[in-house]
Structure formats: C-alpha cells, structure tokens
Amino acid sequence: MVFHSDLFDTHPTYQLLKSQLLDFYNGHPLPEIPLTALEHVISVTAGPISPDADAPLPKVHFRVYTISLLASGSKVPRISLSEMGPSIDFTVRRVQEADEEMMKMALKKPKIAKKDVESGLGKKRKNIETDEMGDRVGRIHLGKQDLNKLQSRKVKALGKSFGKKAKTD
C-alpha cells in the first residue's frame, strides 16, 4: 500500500484516513520491500490542497495494480504496473473524530503479565521462528560431542556367558 501525498502525514483528516485504510487491509509501514515479494500494489493518492480556506478537501484516488517484473539490462528488474481494479475516487466530506479520552483508550496498549513476558510473549524469543506452514521451528546449540565417551550397545550374543548357558541346558 503506497500513499502519494504529504497530506497523509500532515493533515489530521488524511492521517485518520490512512490509519483506517492500513487497519482495514492489515497493513503496517515498512522502510523497504523486496521486489520479488510484491504481486499487487494499492496506490492511494490525494491531490494538492487549495490555499482557499472555504474550498473542499482534495479527492482521494484509490487504485489497485498488478506488478509484472520484466527483464532489464541491469540487476534490478524493470517493473510494469497494470491496473487491476477497483478504481475509486473518494471525496472527504464528513469527518467525526473521536473524543480525546476515547481516542486515548483506543490507542492504549495492554500491559503484559510477568509470567507471559518470561514465557516469551511480548518480546522476540531467540532461535525460534515460524515457517511458511505456521509451525514453530527452533534451533538448539550444543557443544562438541566427544565420541570416545559415547557408550556403544553391548551385544550379548557374542559374550562367553552365552556359550556356558548353552552347554548346561
């Protein structure tokens, strides 16, 4: 999801719209994205705001594109965008912001119990990852194994006691 305008960072109405769209599409801001991981781009663009105080807020253009990576002469592939849909033009007309106390309660993060912190909830645990199938995978680091101290399996069939038992029976 890409937001093209300074209004999404400066104007409170557009900041609210950006927050709602990111929440709706389960998105979060990323500093950089690998090109091979992209399949679709949602572009949200706002026009420039007019200097006239009575003028309505600029329209918001919502577009969805499919990405095609094409060969180029360099290491970085050439990107081609083709419009996929939906294409929506919004006009921001009515805005009702939450009360300051209600907004503070909505943005408050819950405190984590001490036992949950110790079990790893709320912080990243070392050497534990989740694979593509959703299974937890962990790494265990062991010291060097001494093979001289390794106890091998004792075979009773080759021992002397087996021969004595056979003679007495």
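Derivation of every value follows stated rules applied to the coordinates shown; laboratory data play no part. All figures in this text were calculated on a predicted structure; none of them were measured in a lab. Quick reminder, even Gly has a Cβ in these numbers, built from the backbone with ideal geometry, and neighbours come from all protein chains shown.
Quick notes on this one:
- Where only alpha carbons of segment 1-131 are counted, the Rg and the Dmax (Å): 20.0, 58
- The label point for SER74 and the one for VAL2, both projected 7 Å from the Cα toward the Cβ, are 1.6 nm apart.
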